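See structure below.
The values are calculated or read from the model by the stated rules, or taken from the named source; none is laboratory data. This structure is a prediction, so every number in the text was calculated from the model and none was measured. Here the Cβ is made from the backbone with ideal geometry for all residues, glycine too, and neighbour counts use every protein chain on show. Areas reflect the complete protein model, heavy atoms only, side chains present, ligands, DNA and RNA absent. Shrake-Rupley method; radii C 1.70, N 1.55, O 1.52, S 1.80 Å.
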Amino acid sequence: MSTVKYFHSAMSGAPTLNGVAGSLIAVLDACLVDGFGLKTADSVTVSGGIATATFSTGHSFEPDVIALVAGATPSGLNGEKRVLTTTTNTITFAAGIADGAATGAITVKLAPA
């Protein structure tokens, strides 16, 4: 998997460089260290090797961005995943695990560089 990561200012939850002291550090921290756009998935299901994460409040992901998934059981869902498709309330990514529903407090955010 290619690990090229990209961000842009129009992404929901993107850090803002606004001329205020410390805002550049906040942008760099969000993009390089912490990631941003953290959401808790309402559900994650796997079918045919593709995981679908559903968010009732929408999300900031786009196709081809790298998302960082955490807190899922089975643990094979956790880690950096390339987003394949999106709708207003869902994202899909390759799962590489057996079909079924994931459990846990599953969080997803844009992975830091």
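Of note:
- Checking each residue in segment 1-41 for being of a type in the set (Phe, Trp, Tyr), outside any strand (DSSP E or B) and in contact with a helix residue (DSSP H, G or I) (Cβ under 9 Å, 6 or more places away or on another chain) picks out only PHE7.
- Condition check for ALA21: without any contact (Cβ under 8 Å) to a residue 40 or more places away in the chain and either surrounded by 15 or more Cβ atoms within 10 Å (Cβ to Cβ) or not β-branched (Val, Ile, Thr) (or both): yes
- Test: residue in segment 40-53 that is modelled with pLDDT of 95 or more, of a type in the set (Asp, Glu) and surrounded by fewer than 17 Cβ atoms within 10 Å (Cβ to Cβ): yes
- Contact map, segment 41-64: first residue touching a residue at least 60 places away in the same chain (Cβ under 8 Å) and more than 17 Å from MET11 (Cβ to Cβ), second residue assigned to a loop (DSSP other than H, G, I, E, B) and open to solvent by 10 Å² or more (accessible area, probe 1.4 Å), Cβ cut-off under 6 Å, separation 6 or more or different chains; pairs are VAL44/ALA102.
- Matching entry among LEU84, LEU32 (being in contact with a Phe, Trp or Tyr (Cβ under 7 Å, 6 or more places away or on another chain) and either surrounded by fewer than 18 Cβ atoms within 10 Å (Cβ to Cβ) or touching a residue at least 12 places away in the same chain (Cβ under 8 Å) (or both)): LEU84
- Considered as a group, the residues in segment 1-18 that are in contact (Cβ under 8 Å) with a residue 24 or more places away in the chain, of a type outside the set (A, V, I, L, M, F, W, C) and over 14 Å from ALA113 (Cβ atoms) include one that is surrounded by the fewest Cβ atoms within 10 Å (Cβ to Cβ), and that residue is SER12.
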